[in-house]
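The structure appears below as structure tokens.
The values are calculated or read from the model by the stated rules, or taken from the named source; none is laboratory data. All values derive from a computational prediction rather than experimental measurement. Positions of Cβ are generated from backbone atoms using ideal geometry, with glycine treated the same way; all protein chains shown enter the neighbour counts.
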Amino acid sequence: VDIKPRSDWTSEEMDEALELIFSWYQEYFESIDETMLSDTNVRQWLETLKQHFQLPELFELINPYLKNINFDSIPKVDLHGDLSYSNLLFDGKRFFLTDFESSGTYHFFHDALSNFHQLYLNVGEGKWLKAYFEGLYDEPLRVLFSQCGQTFDPDMRLQYILLDYLELLEKVVTQPLTKAIKQRALKETRKLIKFYHNNQSRQEKKYRDDVVYRYSQLS
């Protein structure tokens, strides 16, 4: 099989890959039942992470956002664990999933959301994270959430990303955290929050411009 290098994928092919990931998980979640799910108590989990990471600066950054979450638990289920573009092979027609080394039990939205923030943090591709914050993926996410007995809340988009980032950090680091990992975690968290607020500012400006334009048409 001739594999097309990831660097040669077009934007449309990357969009197609992301749509395929959502499709795969919709089919997978349709096949599971409640016995395959286990719940994480969010508050208890965050307290455990505070003790585990020993990084109070990180929680000072995210607490203003996470204190507003409007759900008590998050279902966990067996997932691929690293369903990123780097683990998809493409021959120009079909996509193939590889590398199951990180497979295990994760919060149900992990594989759907991790692409958004990891593409931005690792290779500087912010298009898909921006689209997520703008609500372009709200509908497939509503379906995935509903399949796991949850309600997707568009007002919690940043909170979902931060929770997913924390879980990823939990999976890849061990005690004690090195200075380099602590610095990276703080830097990446700041980048995610700043990206969110910058995007919100652009959306608010666009909304104000649209309102001004509509009123100008009426006069």
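Checked against (1) touching a Cys at 6+ places or on another chain (Cβ under 9 Å); (2) in a helix (DSSP H, G or I), residue 77 meets all criteria but (2). Only one of the listed residues (105, 48) is assigned to a strand (DSSP E or B) and of a type in the set (S, T, N, Q). That residue is 105.
Looking across 136, 113, 169, 144, one residue alone is part of a helix (DSSP H, G or I), of a type in the set (A, V, I, L, M, F, W, C) and surrounded by fewer than 21 Cβ atoms within 10 Å (Cβ to Cβ). It is 169. Counting residues in segment 176-195 that are under 19 Å from residue 43 (Cα atoms) and either charged (D, E, K, R) or without any contact (Cβ under 8 Å) to a residue 40 or more places away in the chain (or both) gives zero.
Number of residues in segment 27-56 that are in contact with a helix residue (DSSP H, G or I) (Cβ under 6 Å, 6 or more places away or on another chain) and either on the phi > 0 side of the Ramachandran plot or modelled with pLDDT of 95 or more (or both): the value is 0. Among the residues of this structure, residue 133 does not count as one that is over 13 Å from the mean Cα position of the chain (by Cα) and either modelled with pLDDT under 95 or under 28 Å from residue 53 (Cα atoms) (or both). If you go through segment 6-57 and keep only what is small (Gly, Ala, Ser) and in contact (Cβ under 8 Å) with a residue 24 or more places away in the chain, you end up with 11, 17, 38.
One residue is enough: does segment 68-78 have a residue meeting the conditions charged (D, E, K, R) and over 25 Å from residue 128 (Cβ atoms)? The answer is yes, given that some residue of segment 68-78 is charged (D, E, K, R) and over 25 Å from residue 128 (Cβ atoms).
A search for C-beta distances below 6 Å between a residue of segment 130-153 that is touching a residue at least 24 places away in the same chain (Cβ under 8 Å) and any residue that is of a type in the set (D, E, K, R), counting only pairs 6+ apart in sequence or on different chains, returns 133/157.
In segment 69-95, the residues that are at pLDDT 90 or above and of a type in the set (Asp, Glu) form Cβ pairs under 8 Å with partners that are surrounded by fewer than 20 Cβ atoms within 10 Å (Cβ to Cβ) and assigned to a loop (DSSP other than H, G, I, E, B), at six or more places apart or across chains, as follows: 78/103; 91/1; 91/2; 91/3; 91/4.
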